[in-house]
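To start, the structure itself, in structure tokens.
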Amino acid sequence: MALQHYQDGRLQQAQDVCQHILRRQQRPDAILILAKIAHEQKEFKVAVERYQQFLRIIPNHEPTHYNLSVVLRGTGTHRTRHRALQKIDHTRP
């Protein structure tokens, strides 16, 4: 349901559903949706925290490393962005 809200552009509803889910259990999909919402709303600090939270659960998720690097570029945190991009290179076979 959260994903459908997100895909349909109903960000507040998606955010509400994800937060409800996370009060009950740690679900990576809910964390990732919240990260993407924060990213789209230019809440970069929240986006970085959520992407990092997701990566602690699923460390080799290449698209999330890329998204994290994009957010970090937007915040001017180049050194951390470089480390995020390096992780992408190391996860490739």
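Here, each number is a calculation from the coordinates, and none is a lab measurement. Remember, it's a predicted structure, so these values are computed and weren't measured experimentally. In this analysis, Cβ positions are derived from the backbone assuming ideal geometry, glycine residues included, and neighbour counts consider all displayed protein chains.
Where does the charge balance sit around Q19 when Lys and Arg score +1, Asp and Glu -1, over other residues with C-beta under 15 Å from its C-beta? Don't skip to the end; give the middle numbers.
Values: positive: R10, R23, R24, R27, K36, R50; negative: D16, D29, E43, E49.
Net charge in that neighbourhood comes out at +2.
Can you list the HN-Hα couplings for the stretch 7-19, worked out from phi with the Karplus curve (6.51, -1.76, 1.60; θ = phi - 60°), rounded to whole Hz and with x for Gly and Pro?
Ordered by residue, 3J(HN,Hα) equals 5, 8, x, 8, 5, 5, 5, 4, 4, 4, 5, 4, 5 Hz.
For R50, R56, which order do you get if you count the other beta carbons within 10 Å of each Cβ and list the fewest first?
Details: R50 26, R56 11.
With the sparsest Cβ surroundings first, the list reads R56, R50.
Give, in nm to one decimal, the length gained when the segment between D8 and R27 is fully stretched (0.36 nm per residue of separation minus the Cα-Cα distance). It would help to have the intermediate numbers written out before the result.
Values: separation 19, 0.36 × 19 = 6.84 nm, distance 2.08 nm.
Here the segment from D8 to R27 would lengthen by 4.8 nm.
Could you check the spin-label model distance between E40 and Y66? Points 7 Å from the Cα along Cα→Cβ, value in nm.
1.8 nm
For the stretch 61-66, in order, what is each residue's ³J(HN,Hα) by Karplus, 6.51 cos²θ - 1.76 cosθ + 1.60 with θ = phi - 60°, in whole Hz (x at glycine and Pro)?
3J(HN,Hα) across the stretch 61-66, in whole Hz: 7, 4, x, 6, 4, 5.
Could you calculate the contour length gain from Q52 to Q19, that is, 0.36 nm times the residue separation minus the distance between their Cα atoms, to one decimal place in nm? Write down the numbers at each step before the final one.
Working: separation 33, 0.36 × 33 = 11.88 nm, distance 1.68 nm.
Between Q52 and Q19, full extension yields 10.2 nm more.
Could you work out how much longer the chain between M1 and R73 gets when fully extended? Use 0.36 nm per residue separation minus the Cα distance between them, nm to one decimal.
Values: separation 72, 0.36 × 72 = 25.92 nm, distance 3.09 nm.
Answer, rounded to one decimal: 22.8 nm.
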